[in-house]
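Remarks on the structure that follows.
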Amino acid sequence: MKILVLNGPNLNMLGKREPGIYGKDSLEQLEKNLHHLCQKEEVEVDLFQSNYEGALLDELHEATKKGYAGIIMNPGAFTHYSIALRDGIAAIDLPVIEVHISNVYAREEFRSKSVTAPVSIGQITGFGLYGYELALLALKQYIQGRG
Ligand code: DQA
């Protein structure tokens, strides 16, 4: 089973960016954590980060063709207003789990609205980078249950 992890804008800055909110670990550390978990879970994982909406859309559109069984996505700030990403998720027949490192519901009001969550199978928010690991386990279970 192959899973794609998509990270949106500013997530390349993880570790340097507002560490009090997003922690001190980098995107490379996230990749290591996920590869470690994947070995145990016998899942394959690829990570892709972009600051561009269109690049994220291209990845969503090509995911089925590339053999992914599901997607874990942190759309960053696009979460709160990108109808294009929402439509992109709705357009593909793959389960998507939305992840946020911070608890978006405990922050500014504008972060408590997600336009992408309603077209995802679920959302994990507020558990730091561990949220991606939780999402991976949940997605594997979901895909297996789907048959
Ligand atoms: C974020 C939360 C968003 O509100 C913010 O714009 C981000 C990161 C998170 O992972 O907590 O870039 O998605």
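None of the figures in this text is laboratory data; all of them are computed from the coordinates on show. None of these values were measured; they are calculated from a predicted model. Positions of Cβ are generated from backbone atoms using ideal geometry, with glycine treated the same way; all protein chains shown enter the neighbour counts.
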Got a sec? Which residues in region 120-142 would a label at His35 touch, if it sits 7 Å along Cα→Cβ and we count backbone N under 17 Å? 133
Given 20 °C and 1.002 mPa s, how large is the Stokes-Einstein diffusion coefficient of the chain in µm²/s, with Rh as the Kirkwood radius over Cα pairs? 141 µm²/s
Which one, Gly67, Ile89, Tyr52, projects farthest toward the positive side of the charge dipole computed for region 25-147 from Cβ point charges (K/R +1, D/E -1)? Ile89
If you add up the charges near Ser120, with Lys and Arg at +1 and Asp and Glu at -1, over every other residue whose beta carbon is less than 12 angstrom from its beta carbon, what do you get? 0
Just add up the charged neighbours of Val5: K/R +1, D/E -1, any other residue whose Cβ is under 14 Å from the Cβ of Val5. -4
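Sorted from fewest to most neighbouring beta carbons within 10 Å, what does the list Val96, Val5, Val45 look like?
Working: Val96 27, Val5 23, Val45 20.
Going from least to most buried by this count: Val45, Val5, Val96.
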What does the net charge come to around Val104 if you take all other residues with beta carbon closer than 11 Å to its beta carbon, with K and R at +1 and D and E at -1? 0
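Within the chain, which is the longest segment that contains none of the chymotrypsin sites (Phe, Trp or Tyr not before Pro) sitting in a DSSP loop with at most 16 other Cβ atoms within 10 Å? Please list the in-between numbers first.
Details: sites that count: Tyr52, Tyr81, Phe127.
No qualifying site falls inside 1-51, the longest such stretch.
Could you line up Glu98, Glu41 from fewest to most neighbouring Cβ atoms inside 10 Å? Don't jump to the answer; show the numbers that get you there.
On the way: Glu98 25, Glu41 16.
Final ranking by Cβ density, sparse to dense: Glu41, Glu98.
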Given R₀ = 41 Å, what would the calculated FRET efficiency be for Glu44 paired with Glu109, taking r from the Cβ atoms and rounding to 0.05? 0.60
Give me the base-10 log of I(q)/I(0) for region 38-103 at each q in 0.11, 0.18, 0.25 Å⁻¹, Debye formula, one uniform scatterer per Cα, rounded to two decimals. -0.26, -0.70, -1.25
At 7 Å along the Cα-to-beta-carbon direction for both Asn10 and Ala91, put a label point, then send me their distance in nm to one decimal. 2.6 nm
